[in-house]
Every structure is written in C-alpha cells, then in structure tokens.
Amino acid sequence: MPTLIKNKILWVCVMLFLFHQLSQKLLHWDWPFFDSYLDPFLCMPLVFSLFLLERQWLWGITARLTIMDTFLFTILLILLFEWVFPLLHSGFTADFYDLIAYGLGSMCFYFFINPKPRLCQKESSNH
C-alpha cells in the first residue's frame with residue numbers, strides 16, 4: 001500500500017474537505033471564514049496528493065515533490081484559480097487572502113504529507 005494513503009494529515013484534510021462541503025451544500029451552514037478560505041487551503045494538499053497517488057497507482061513510481069516542484073505548481077494553480085477562472089466565469093472572484101491560504105496549504109503538504117525521501121527510495125526499490 002502506498003505510504004501516502006497511510007498519512008494521517010492527508011486523511012484529516014480529506015475529512016475536513018468533505019465535512020465542509022456537506023455542511024455548506026446540504027446543511028446550509030454559514031461559516032464565513034471557512035467558506036472563504038478552507039477550500040483554498042485544502043486544495044493544495046489534496047491536489048498534490050492526488051498527483052502523487054496517480055503516479056504510484058498507474059506508473060508504480062513512488063515520488064515526492066521537491067520544494068521547487070511544490071512552489072511552481074502552487075504558482076500555476078494560483079494563476080489558474082485567481083486569474084484565469086475569474087476571467088472566464090463571473091462566479092469566481094480573485095482574493096488576495098486566497099493566495100495566503102494556497103501558500104499555507106502547500107506548506108502543509110510539503111512538510112506533513114509529501115513522502116519523505118527515504119520512504120520513496122524504499123518503495124521504489126520494491127517495484
């Protein structure tokens with residue numbers, strides 16, 4: 001089983017995301033701060049983890065994102081979410097504080113979810 005699936009912080013992010021979506025969409029709970037910034041914060045750990053899981057499951061590659069990978073992917077996603085999407089659809093708005101949430105989410109991924117180099121080497125040698 002890939003080490004990423006065993007990561008407790010990743011599961012906390014998944015559960016928080018699901019709970020927030022259900023409470024917002026089904027229960028119509030209104031938590032302005034979380035409604036504004038929880039999704040951008042959780043986006044990075046979830047998207048980056050899905051990217052690494054895809055590499056593990058489809059290609060058998062146990063990898064980790066470097067600090068430069070994480071930084072560049074964060075910048076690309078910020079440009080997409082905060083610049084391109086608002087240009088294409090009025091339902092999206094650019095928000096400076098989202099940038100902070102994306103950055104913090106990326107840091108959470110890099111330091112707490114991203115597989116450690118020694119685990120990547122052990123699993124890669126098993127394939």
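The values are calculated or read from the model by the stated rules, or taken from the named source; none is laboratory data. Everything quoted here is computed from the prediction, not taken from an experiment. Virtual Cβ from ideal backbone geometry, glycine too; neighbours counted across all protein chains shown.
Among the residues of region 13-38, those identified as surrounded by fewer than 18 Cβ atoms within 10 Å (Cβ to Cβ), within 18 Å of Leu99 (Cβ to Cβ) and either of a type in the set (A, V, I, L, M) or touching a helix residue (DSSP H, G or I) at 6+ places or on another chain (Cβ under 9 Å) (or both) are Phe34, Asp35, Ser36. Inspect region 32-52 for any residue being part of a helix (DSSP H, G or I), of a type in the set (Val, Ile, Thr) and in contact (Cβ under 8 Å) with a residue 40 or more places away in the chain and give the result as yes or no. Looking for residues that are part of a helix (DSSP H, G or I), of a type in the set (Val, Ile, Thr) and in contact (Cβ under 8 Å) with a residue 40 or more places away in the chain, one finds none in region 32-52, hence no. If you go through region 84-99 and keep only what is without any contact (Cβ under 8 Å) to a residue 24 or more places away in the chain, in a helix (DSSP H, G or I) and either touching a helix residue (DSSP H, G or I) at 6+ places or on another chain (Cβ under 8 Å) or not aliphatic (A, V, I, L, M) (or both), you end up with Phe85, Pro86, Phe96, Leu99. Could you tell me which numbered condition Thr70 fails, if it satisfies all but one of (1) modelled with pLDDT under 95; (2) closer than 26 Å to Phe96 by Cβ; (3) among the polar types (S, T, N, Q)? Condition (1) is where Thr70 drops out. Of all residues in region 76-93, those satisfying the criterion of being more than 12 Å from Phe48 (Cβ to Cβ) and either surrounded by 14 or more Cβ atoms within 10 Å (Cβ to Cβ) or polar (S, T, N, Q) (or both) are Ile78, Phe81, Glu82, Phe85, Pro86, Ser90, Phe92, Thr93.
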